[in-house]
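Engineer: Have a look at this one before I ask anything.
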Amino acid sequence: MVEDAKLADEAGRIAALHRYEVLDTPAEAPFDRITKLVQVVLDVPVATVTLIDTDRQWFKSCIGLAKSGTPREEAFCDHTIRTRGPMNIPDATLDSRFAGNVSVTGEPHIRSYLGVPLSTPDGYNIGALCAIDMRPREFTAEQTAVLASFASLVVDELELRRIAQTDHLTGAATRRGFVHELEKQIARMRRSGRPSALVMLDVDHFKRVNDTYGHPTEDAVLRNLAGCIGGMLRKGDVLGRLGGEEFGILLPDADVEAAFAYAERVREAVRARPLVEEPALGVTISLGVSAEPGAATPEAWMRAADGALYEAKRTGRDRTCLA
């Protein structure tokens with residue numbers, strides 16, 4: 001079966017996991033609610049939403065353990081993702097796969113485990129929802145069915161999270177998704193000390209487009225503007241639609257000079273071509289650039305770039321200003 005072949009497709013599985021862009025993100029209430037329900041309904045001290053990366057298991061949500069993950073070779077859930085069904089371990093000390101596991105012989109002294117794979121709509125097991133106890137026990141068929149239902153909710157939440165991060169009109173990241181990318185880049189900058197830049201832009205006199213031509217033309221301008229900018233992005237750059245006609249561009253590892261030069265190329269490219277063929281309609285954009293060494297919050301970074309954008313609008317539009 002094609003679906004079973006995907007159990008052996010590790011490269012495809014890792015790609016499916018990374019498409020959700022969820023690894024190393026902060027705790028989120030929807031996932032924590034699910035693990036809390038598992039803890040209460042199955043009467044276990046520990047419940048986790050576990051994602052299996054290349055060489056580690058990482059907990060998107062963890063109730064009952066004070067850790068964010070472990071090496072993959074220690075993960076019970078790494079065995080769970082190799083099957084389509086649940087994995088029920090009544091007593092880990094009597095199971096040859098786990099009797100010598102450091103989490104069995106030492107803290108937290110796992111004895112029983114029930115895990116259900118988190119299977120994506122295209123058939124990849126990216127992790128598991130699991131219930132863990134420190135006493136031997138046999139989880140019932142009813143409890144297994146309950147955990148499987150909760151696992152489906154986890155996947156649904158991941159899918160909703162992914163959809164919510166993409167703007168349906170332009171294909172750019174939504175404001176939520178873009179802020180998430182800024183958070184990740186700020187963390188990278190703090191580790192590396194390398195600067196990155198944020199460009200904010202919007203369309204000059206955009207209200208006139210709607211007043212003159214209506215919503216379909218307005219949408220076409222935004223869609224084609226995103227397409228124009230998208231064709232100029234480097235690998236790793238991120239385009240986001242922040243609201244209305246305002247966009248942001250995240251430029252990892254770009255200093256202020258490189259970011260300003262890039263912003264000017266974007267401005268000139270937009271100015272040089274009609275964004276709508278019929279009626280032939282060209283627009284200009286104004287841009288603000290802010291480069292940060294790594295100490296910013298997303299909000300502070302966006303305020304700095306937005307201030308520069310405001311200065312570009314105030315001083316004549318169709319220009320780029322630096323924060």
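The values are calculated or read from the model by the stated rules, or taken from the named source; none is laboratory data. Just so we're clear, the structure is a prediction, and the values are computed from it rather than from any experiment. FYI the Cβ positions are ideal-geometry reconstructions off the backbone, even for glycines, and counts take in every protein chain you see.
Engineer: I'm told Gly85 meets every condition in (1) in contact with a Phe, Trp or Tyr (Cβ under 9 Å, 6 or more places away or on another chain); (2) outside any helix (DSSP H, G or I); (3) under 24 Å from Ala145 (Cα atoms) except one. Can you identify the failing condition by its number?
Structural biologist: (1)
Engineer: Every residue in region 36-58 that is of a type in the set (Val, Ile, Thr) and either without any contact (Cβ under 8 Å) to a residue 60 or more places away in the chain or not in a helix (DSSP H, G or I) (or both), please.
Structural biologist: Val40, Val44, Val46, Thr48, Val49, Thr50, Ile52, Thr54
Engineer: Follow-up question, since we're still on this one. Tell me the residue from Arg208, Arg223 that is exposed (fewer than 14 other Cβ atoms within 10 Å of the Cβ) and assigned to a helix (DSSP H, G or I), please.
Structural biologist: Going through Arg208, Arg223 in turn, just one is exposed (fewer than 14 other Cβ atoms within 10 Å of the Cβ) and assigned to a helix (DSSP H, G or I): Arg208.
Engineer: Follow-up question, since we're still on this one. Looking only at residues in region 252-300 that are part of a loop (DSSP other than H, G, I, E, B) and in contact with a His (Cβ under 9 Å, 6 or more places away or on another chain), which one is modelled with the highest pLDDT?
Structural biologist: So the residue we want is Thr284.
Engineer: Within region 99-112, can one find any residue that is crowded, with 19+ Cβ neighbours inside 10 Å, touching a Lys or Arg at 6+ places or on another chain (Cβ under 7 Å) and farther than 17 Å from Val146 by Cβ?
Structural biologist: yes
Engineer: Scan region 143-202 for residues that are surrounded by fewer than 18 Cβ atoms within 10 Å (Cβ to Cβ), touching a strand residue (DSSP E or B) at 6+ places or on another chain (Cβ under 7 Å) and either charged (D, E, K, R) or outside any helix (DSSP H, G or I) (or both) and jot them down.
Structural biologist: Thr166, Arg175
Engineer: OK, next. Given the condition within 21 Å of Arg19 (Cβ to Cβ) and either modelled with pLDDT of 95 or more or of a type in the set (S, T, N, Q) (or both), answer yes or no: does some residue in region 93-104 qualify?
Structural biologist: no
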